[in-house]
Amino acid sequence: MNIVVYADADTVALEAAKLIAKEAREAVAARPSSQGPQVEDPGEEGEQRTRTGIEHAEMQRHLEELREIDTAKARLDHGTYGECVDCGTTIAAERSIMIPTSDSGPTPRLRR
C-alpha cells in the first residue's frame, strides 16, 4: 500500500474520489451480471442472486463514499473542514489524515 501525504485536504478528497470512481468502473466491468444471466439450474440461480446482492452493496458503498467526499469538499468551501459537525471542536489532524471525510471526533455521536 502506498501512502502519499498531500498538502491540502481538497487534494486528498479529489484523489479519493478518483480512486473510488476507478474501483466502481472496474467492479461494474468485472461483475458477472454485466455479462447477462448465466444460470443453468436453481443452484446457480441462487448463487447469481447472491452475487448480484453483493455487487449492489458494493455499488451502494461506493456511492456513499462519493457522497462523503462531496460533503467534505463542501465543508472545505465553507471553511468548516476539520470541525466536528456535532460540537464544533477541532478534529485531530491524525484523524483527518486517516479519515479525510470525517466530520466528527472519535467519540460516538449521542445526538442525531
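The values are calculated or read from the model by the stated rules, or taken from the named source; none is laboratory data. Every value quoted in this text rests on a predicted model; they were computed, and no experiment measured them. All Cβ positions, glycine included, derive from the backbone under ideal geometry; neighbour counts span all protein chains shown.
Of note:
- Remark: pairs (first residue in region 64-75, touching a residue at least 24 places away in the same chain (Cβ under 8 Å); second residue surrounded by fewer than 16 Cβ atoms within 10 Å (Cβ to Cβ); Cβ separation under 7 Å; 6+ apart in sequence or on different chains) = LYS73/ASP10.
- Criterion: over 16 Å from the mean Cα position of the chain (by Cα), at pLDDT 70 or above and either of a type in the set (Phe, Trp, Tyr) or part of a helix (DSSP H, G or I) (or both) - qualifying residue of GLU26, GLU47: GLU47
- Take the conditions (1) under 17 Å from ILE99 (Cα atoms); (2) modelled with pLDDT under 70; (3) of a type in the set (Gly, Ala, Ser); GLY36 misses just one of them, which is (1).
- Residue in region 67-79 that is on the phi > 0 side of the Ramachandran plot and either loosely packed, with under 14 Cβ neighbours inside 10 Å or of a type outside the set (A, V, I, L, M, F, W, C) (or both) present: yes
- Filtered residues of region 63-91 (kept if at pLDDT 85 or above and of a type in the set (Gly, Ala, Ser)): ALA72, ALA74, GLY79, GLY82
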